[in-house]
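Engineer: Structure provided below as structure tokens; questions to follow.
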Amino acid sequence: MRRIKQESYFPAIIFAHLLLWLVDLLRYSGDHPLGSLNIAGEVFSSWAVTVIAINFLMATKARWIERIFGGLDKMYMIHRRSGIIATVLLILHFIIIPRDPVFTIGKPLGFYALVLLLVGIVLSAAPFVKRIFPYRRWRMTHKLMGVAYLLGVAHAYNVPTLTSELPLVRSYVSAMMFIGVAAWIYKVFLYGFFVRKWPYEVIRIDKFEDDTSKLVLRPQGKKRLDFKAGQFAFFSIPDLGTREMHPFTLSSHPSESDLCVTVKSLGDYTADLQQSLKVGAKVKVEGPFGLFDYHTANYKKQVWLAGGIGITPFLPFLEHLEPAYEVTLIWTVRSAKCAYYSERIALLAKENSNIEFILNISDQQGRFTIDKRFSSSNLGDRSVMICGPEAMREAYIKQLLEKGVSYRDIHFEEFSFR
């Protein structure tokens, strides 16, 4: 299936809308004002309606939606940026749309929808809010975005619009509204009834020195999570006093009955987990998700680049690397105490001549660059897999492009959803 990337997602929406509007306007013979501000204002609102509707559809985490967007991690990044873009579009709509002196109930509804949406976007995207606003509260307020959307729909049906007189645009916008409302209702009220959560129990906790722990979980019953190497799942631990689901990469291989995840203290939830989780804790696992898989790359000669805890999706790959693949794995960590899997990886590399392992300890060797290993090489015949912090990833991508790697041959997993 062809995947929609962020670079093409927004242009596709813009093109589809402009085409529908152009066809309808060329055929229009009604008496609604056709001023440029009126048309632009309604085009902006129809874009926003579509973007938000698809955002709600993404939030359902449906497998077919994930495949279209190339993985849940990519989908969430598009989701976040789409929300900001939709808010900007609605602000432009509010500013430029001509004011009708006749009062209708739809006018205050539209204003309240915009205010709620602005509050939701600030809580979701503003960096200073994300630092001080607990994740559990953020999730609760994020669900209220659907209320803003319902108010927006009610606004659209209770004010005179040009859209209502254009058959193609009206049908399209109405369909988007229906999709958005239905997806939000499903996610908020029905999701828990249809999505299975697998019961597991924590049987071992290995603590490392840098606020990182390895958890080993055993299935409770005969059935267990069926997943592929490199995927992640959402975990809920009621013993911590919350039913929130948080994503963690599965570092065990699918052939193993137990699940292994590595957790680093990066926020309020993971800090609580590090301090309070005990052996015997019950865990609910939802998944799997993600399409990070070296088998989907174009070349069997590959470079894998990991930063810190970003090593986790590569661990099950290494355990059962197919003989046809030749891999150079480069793992960058801040200090020696962060290299908690280095001995295991070094042993695998020693046993398999197709694996070259390079460990870069930044406080001893400095920041790693592609030139340190491939100083004179053109890497155009290799595929690259990256998992690590965004700053590291962007630096690597720039260096790889200079080395002749095509952007389509660079595969990465988003390091943070929120």
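Engineer: Here's a check for you: in the range 204-217, which residue that is loosely packed, with under 14 Cβ neighbours inside 10 Å and at pLDDT 90 or above is nearest to Tyr340 (Cα to Cα)?
Structural biologist: Out of the qualifying residues, it is Asp206.
Engineer: A further question on this structure: Among the residues of the range 245-266, count how many are closer than 18 Å to Asp73 by Cα, of a type outside the set (A, V, I, L, M) and part of a loop (DSSP other than H, G, I, E, B).
Structural biologist: The total comes to 1.
Residue by residue, here is whether (1) of a type in the set (D, E, K, R); (2) in a helix (DSSP H, G or I); (3) under 17 Å from Ile179 (Cα atoms); (4) in the same structural domain as Met245 (by TED's automatic domain parsing) holds:
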position: Ile13; (1), (2), (3), (4): no, yes, yes, no
position: Leu26; (1), (2), (3), (4): no, yes, no, no
position: Gly30; (1), (2), (3), (4): no, no, no, no
position: His79; (1), (2), (3), (4): no, yes, yes, no
position: Ile85; (1), (2), (3), (4): no, yes, no, no
position: Asp100; (1), (2), (3), (4): yes, no, no, no
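Engineer: Restricting attention to the range 231-253, and to residues there that are surrounded by fewer than 16 Cβ atoms within 10 Å (Cβ to Cβ) and out of contact with any helix residue (DSSP H, G or I) (no Cβ under 9 Å at 6 or more places or on another chain), which single residue is farthest from Lys214 (Cα to Cα)?
Structural biologist: This residue is Arg243.
Engineer: Surrounded by 15 or more Cβ atoms within 10 Å (Cβ to Cβ), in a helix (DSSP H, G or I) and modelled with pLDDT under 90: does that describe His142? Walk me through how you get there before you give the answer.
Structural biologist: Details: surrounded by 15 or more Cβ atoms within 10 Å (Cβ to Cβ): yes; in a helix (DSSP H, G or I): yes; modelled with pLDDT under 90: yes.
Here the answer is yes, as His142 does meet what is asked.
Engineer: Then there's this: If we keep just the residues of the range 60-77 that are under 10 Å from the mean Cα position of the chain (by Cα) and of a type in the set (A, V, I, L, M), which is nearest to Gln231 (Cα to Cα)?
Structural biologist: Leu72
Engineer: While we're on this one: Exactly one of (1) in a loop (DSSP other than H, G, I, E, B); (2) not assigned by TED's automatic domain parsing to the domain that holds Arg382 is unmet by Gln274. Its number?
Structural biologist: (1)
Engineer: Go through the residues of the range 71-89 one by one and say whether even a single one is closer than 13 Å to Tyr149 by Cα, modelled with pLDDT under 90, crowded, with 22+ Cβ neighbours inside 10 Å and among the small types (Gly, Ala, Ser).
Structural biologist: So far as the range 71-89 goes, yes, one or more of its residues are closer than 13 Å to Tyr149 by Cα, modelled with pLDDT under 90, crowded, with 22+ Cβ neighbours inside 10 Å and among the small types (Gly, Ala, Ser).
Engineer: Same structure again: For the range 16-61, enumerate the residues that are farther than 25 Å from Leu144 by Cβ and of a type in the set (S, T, N, Q). First the steps, then the outcome.
Structural biologist: From the range 16-61, those farther than 25 Å from Leu144 by Cβ are 16-43; that's our starting set.
Correct list: Ser29, Ser36, Asn38.
Engineer: Separate question: Can you spot a residue in the range 272-282 that is under 20 Å from the mean Cα position of the chain (by Cα) and farther than 30 Å from Asn378 by Cα?
Structural biologist: No, that holds for no residue.
Engineer: Whether any residue in the range 225-234 is assigned to a strand (DSSP E or B) and either under 20 Å from Lys278 (Cβ atoms) or of a type in the set (D, E, K, R) (or both) is what I want to check.
Structural biologist: No, the range 225-234 has no match at all.
Engineer: Where residues in the range 168-221 are without any contact (Cβ under 8 Å) to a residue 60 or more places away in the chain and polar (S, T, N, Q), which of them is nearest to Ala48 (Cα to Cα)?
Structural biologist: Going through the qualifying residues, I end up with Ser174.
Engineer: Let me ask you something else. In this structure, is Thr163 surrounded by fewer than 17 Cβ atoms within 10 Å (Cβ to Cβ), β-branched (Val, Ile, Thr) and either closer than 23 Å to Leu37 by Cβ or at pLDDT below 90 (or both)?
Structural biologist: Considered against the rule, which asks whether it is surrounded by fewer than 17 Cβ atoms within 10 Å (Cβ to Cβ), β-branched (Val, Ile, Thr) and either closer than 23 Å to Leu37 by Cβ or at pLDDT below 90 (or both), Thr163 comes out as no.
The values are calculated or read from the model by the stated rules, or taken from the named source; none is laboratory data. Treat the numbers as computed from the prediction; the structure is a model and nothing was measured. Neighbour counts are summed over all protein chains in view; Cβ atoms, including those assigned to glycine, are modelled from backbone coordinates with ideal geometry.
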